[in-house]
Each structure stands twice: as structure tokens, then as C-alpha cells.
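Here it is: the structure, laid out below.
The values are calculated or read from the model by the stated rules, or taken from the named source; none is laboratory data. From a predicted model like this one, the values you see are computed outputs, not experimental measurements. Glycine also receives a Cβ, built like all others from the backbone with ideal geometry; neighbour counts cover every protein chain displayed. With ligands, DNA and RNA removed, areas are computed over all heavy atoms of the protein, side chains included. Shrake-Rupley method; radii C 1.70, N 1.55, O 1.52, S 1.80 Å.
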Amino acid sequence: MTEPELLLALDQGTSSSRAIVFDARARIRGLGQVELPATYPRPGWVEQDPLEILETQVAAAREALAAAGAEASAIGALGITNQRETTVAWDVAGTPLSPAIVWQDRRTADRCAELQAAGVESPVRERTGLLLDPYFSATKMAWLLDAIPDGRDRAAAGDIRLGTVDSWLVDRLTGGHVFATDPSNASRTLLFDLHDRGWSTSLGETFGVPLAALPEIRSSDGDFGEVDAAWLGAPIPIRGILGDQQAALFGQGCFALGEAKNTYGTGCFLLMTTGADVPAPPPGLLATLGWTLGSQGTSYALEGSVFVAGAAVRWLRDALGMIPDAASVEALAASVPDAGGVTVVPAFAGLGAPYWDPDARGAVLGITAGTSAAHFARATLEAIAQQTVDLVEALEAGGAPRLRTLRADGGAAGNDLLLQLQADLLGRPVVRSSIAETTALGAALVAGLATGLWSSLDELSGLNPPARMFEPQATESWRRTMRDRWRDAVARIRSGSGSAS
């Protein structure tokens, strides 16, 4: 193995910053991880410190290099993947002007409702593939400009930079020399036209965001400058960027029409590859740009986003004290044959796809004097799987290809009981990939393509083969009963103000 065959992937997530060194066979040679805290200053608000995002990511990269026994000079290229809609504002000197507003934050729900009432959702959806929801970046950016003194004037003059986490990291890692993003992240802002593949002046006017404050859009496998040697000890070319869910789709090798993956992380994110044409999203789901590669062109995807998945397991641990750590949930849930009639709907931050109800709140239904912590645990895993079935059903009802198998990745995909429940509730096989770190892998693969380590998508297809397939074992009668119970529970917590059009 020669030195340029090592790749470094930065995986900046919601709950931690991770970094992984991969070799030319996509084997992990070193991994680093540093937890990233969030704060909740008001109900529905979720914030992070931009400097902590940067510092934890650099610390994770140093840890990964040390674990691999590699110097920065041995890394041929670096790829970045990131939590997507989280929004950062900073000045041209690199000083954050406020806390980052995390993708889960709901503070702009009223503004989204105002825009819906003004009748702008339909044209916005046609151009962006998205819905008017506080999940996306544009209303976060507008809120920040309102909160920063003279924010909008300064942004229009180019004195303020607004971006998602990838552009913040690139800006700081290159010492402010490169302020850029890629199309996969840009497509999550409500300011990117899927058809023209660029920032839209009219969308900027709709949301009150001056385009002068936004990063340059470069190909996902483009040249994003070099990491300054002061950070890691030697300069490293940044040659790939993908938003985390598109990176997982890429890392899973879902390059063909109708192939889909579900990432079980803080939330659940199901993406299905649709090819080179902009897809018409089914009701309640999103169209998004998958990636743009200089040698391969652009690929689009359909997406469903569940806001709370692994976060519900942390709720059992931190708020209820039912488990000592997240890994314990499987054994506890497996200690009972079923959830004892309990249904958990973890709408802690409203409901995402396909309901898009920001005012919905969570509930636990069906408890009795005999309900135990084990029933809570099993019902929580069932809720994660049920929400994923909602997404698949919405995809197929909207005309998407019938899903043959569902590829699974993310931290919770290591939970055998969860994936078996998923297969049973979905009625289709669920496949766990052999490389669990598919998000980081996707960023590394794009960087490797950019530098010529690999030459084609076909060459990448065999790098992450299936590790285990979970076949459906439950009866159709059981599945119908469980789905009916879930739908009834969701209906009970709906606020009636959500949008699914």
C-alpha cells in the first residue's frame, strides 16, 4: 500500500464528530470520535457552538490519524460529510455570530406557517423538492439575520457568511480561503433550484436571505482547497463533500434506480436513488439532490426524514433512567415477547415525513399496571421501525418503484432485534451492510474518485457487501394489527396543522 491510498473522512454529526481513515479497499485503519453537546435554551430550540463543532472535528481527526499510525502527510485526500440543515452564521474573519441552529430546531415554525398561508409552498416545492418546514435552513438563516445587528445589510454586503456545517468546516480548515458547499447540502436549504442546480434569486427574496452571504456551490467531488497544516500537521486536499444522508446512500452503493437505504441515527433517514432526472416527490416526502460528480453527472433521490429514532433510545436512558446505556436497549426489549399493548410515538420535535406536523407532541399509549421498562424498550424499538414503514408506504403510494430490500446503516443498525422488527413490519428483507460507517465511507469514496484512487462507480460497488439479511418472520395478520395500532396512535397526537402536500 502506498501513502496516497489512505483517505480521511470527517463525519460531523449531531451528537458527535467522528473521523475515519480508510485504505484503498475501504477498510477502516483508524477511527476517532468526540461527543458534541447541544443546548436547549427554550422549548423547541436546539443549538450548538460552532467552535465546538470545529474543535471536536479536528480532535476526532487527530485521534483517527493516531489510531491508524499515520501522519497527515500520508493522506491522499479528505472527504467531509455532515449534519445537513444545521445552520451557522459567521463573519469574514471566521468569528461565529451566534450559536448554530440545529436541524431539529423548531423556532421558525410560525414563519413557515405564515409562508404557507401566503401560498408560496407549492412553487417552492416545485423548485426545491422540499416543504415549508423549520427543518430546512432558509428560515433559520433569515432568523439569524434578524437577530444579528444590521444582519441583512451586512449579509448583502458580503460581511456575513451563512452556511451549513460543511461550509463552516471548509472555511475554517482552509483558513478562510475557501467558502464553498456541494449540491447535496445546498439542496437542503430551500434556496437551491433542483432544476437549475444553483442558488435561486427569487427563493432568496422569498425567504429574505441575500445570496451574497451563501457559499459557492462546487461539485461533490470538487476541489475545496487544502486543510491548513496547522490543524493536522500537514496540508491535506479536501476533495469530496456530501451531506450525511446522501453520503450514506453513496456508501451503501445505491447507485441504481430504486435502490434505497435507511440510516438509523439520531433520526431515521430513508433515501431512494431515482437517477439523473429531478423526481416528483410523493405527498409528504422530499426530492433532493444525491450528488454531482464531475465524471458521472448528477443523481437525484427521494427522501423521508424521521426526526426521532436513536434519540428515543437516549430518552429511555437519560430522561427515564430505564437503561444504563443505549446498547442495553436490545436485551431489555428482547426480555419480553411483545410490547404488552404499549405504543410509543416519539414526536419530541414534532412529526417529520410523511406528516410534517411541527406542533405534534409525543405520547405513550396503552400502559397498564403491568407495564414494565422492558415494554417501554420494545415499544420504542417498534416506533423506530414503524416510522420507517410510514416512509416506505408513502414512497410506494406516490409511484416510486417497489422496494425489494432495505439496506440498513447507522449506529442503531447494529441492533438485531430492531432490524428483525423492521423486516417483520415492512414485510421485506432488511440488509445490514458489512461496513457500519457508511456515512464516512461515502465521503471517503467521493474523495477517492476525485483523486483517481477509484475510476468508476462500478469499481465501488463491491467495497461494502451485505453482512446479514433479516427476513420477515411475522404473519401478515400480525403486521396489519401492528400497523393499525400505530396509525391510531399517530392520529391521536396530530395537531391538525401539519402539511403533507
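Convex hull over the alpha-carbon atoms of the chain: what's its volume per residue in Å³?
129
Show me, for segment 323-337, the HN-Hα J-couplings you get by feeding each phi into the Karplus relation (A = 6.51, B = -1.76, C = 1.60, θ = phi - 60°), rounded to Hz, glycine and proline as x.
So the Karplus estimates, Gly and Pro as x, are 9, x, 7, 4, 5, 6, 5, 5, 5, 5, 5, 6, 6, 10, x Hz.
Further question: Using a 1.4 angstrom probe on heavy atoms only, work out the carbon and sulfur share of the accessible area of segment 157-297 in %.
Reported share for carbon and sulfur atoms: 48 percent.
So if each residue of separation counts as 0.36 nm, and I subtract the Cα-Cα distance between GLU205 and SER328, what length gain in nm does that give?
This chain segment gains 39.4 nm when fully extended.
Calculate for the chain the 222 nm mean residue ellipticity that helices alone would give, adding -39,500 (n - 2.57) per DSSP H run of length 4 or more and normalising by residue count, nearest 500 deg cm²/dmol.
It lands at -10000 deg cm²/dmol.
For the chain, with every protein chain kept in place, what is the accessible area per residue (1.4 Å probe, Å²)?
Accessible area per residue: 35 Å².
For segment 1-159, just the Cα set please: Rg and Dmax, both in angstrom.
Radius of gyration, then largest Cα-Cα span, for segment 1-159: 19.1, 60 Å.
Under a point spin-label approximation (7 Å from Cα along Cα-to-Cβ), what is the ASP338-ASP146 distance to one decimal in nm?
That separation, rounded to one decimal, is 4.9 nm.
When the accessible area of segment 1-149 is split by element with a 1.4 Å probe, what percent falls to carbon and sulfur?
Carbon with sulfur: 51 percent of the solvent-accessible area.
Obtain the nm distance between the two label points defined at SER434 and ARG487 by a simple spin-label model: each point lies 7 Å from its Cα along the Cα-to-C-beta direction.
Here the answer is 4.1 nm between the modelled labels.
Using the per-residue mean of other Cβ atoms lying within 10 Å as a proxy for protection, in what order, highest first, do the peptides 316-325, 59-68, 201-210 fall?
Taking the mean over residues of other Cβ atoms within 10 Å, the ranking is 59-68, 201-210, 316-325.
Okay, next question. If amide hydrogens are placed 1.01 Å from N in the peptide plane, which non-local residues have theirs closer than 5 Å to the one on LEU351?
Answer set, sorted by chain and number: ASP357, ASP359, ALA360.
Figure the gain on full extension for ALA113 and ASP49 (residue separation times 0.36 nm, minus the Cα-Cα span) and round it to one decimal in nm.
Using 0.36 nm per residue and subtracting the Cα-Cα distance, I get 20.3 nm.
With contacts defined as alpha carbon pairs under 8 Å and 6 or more residues apart, what's the relative contact order of segment 419-469 in percent?
Over segment 419-469, the number comes to 51 percent.
Only Cα pairs under 8 Å and at least 6 apart count here; give the relative contact order of the chain as a rounded whole percent.
15
Can you give the Rg and Dmax of segment 1-86 based on its C-alpha atoms, in angstrom?
Final numbers for Rg and Dmax: 14.5, 52 Å.
Another question, then. So what J values fall out for segment 351-363 if you push phi through Karplus, 6.51 cos²θ - 1.76 cosθ + 1.60 with θ = phi - 60°, rounded to Hz, Gly and Pro as x?
For segment 351-363, the Karplus curve yields 10, x, 5, x, 8, 6, 10, x, 9, 5, 10, x, 7 Hz.
Please report the relative contact order for segment 73-171, taking Cα pairs under 8 Å with a sequence separation of at least 6, and give it as a percent rounded to a whole number.
This gives 38 percent for segment 73-171.
Using only the heavy atoms of the protein chains and a 1.4 Å probe, how would TYR355, TYR40 rank by accessible area, largest first?
Solvent-accessible surface, decreasing: TYR40, TYR355.
How long is the gain from TYR40 to ALA157 if the chain were fully straight, where each residue apart is worth 0.36 nm and the alpha carbon distance is subtracted?
So the chain would gain 38.9 nm between TYR40 and ALA157.
How big is the dipole moment of the chain about its Cα centre under a simple scheme where the beta carbon of each Lys and Arg is +1, that of each Asp and Glu is -1, and everything else is neutral? Debye, nearest 20, please.
With only Lys, Arg, Asp and Glu charged at Cβ, the dipole is about 1160 debye.
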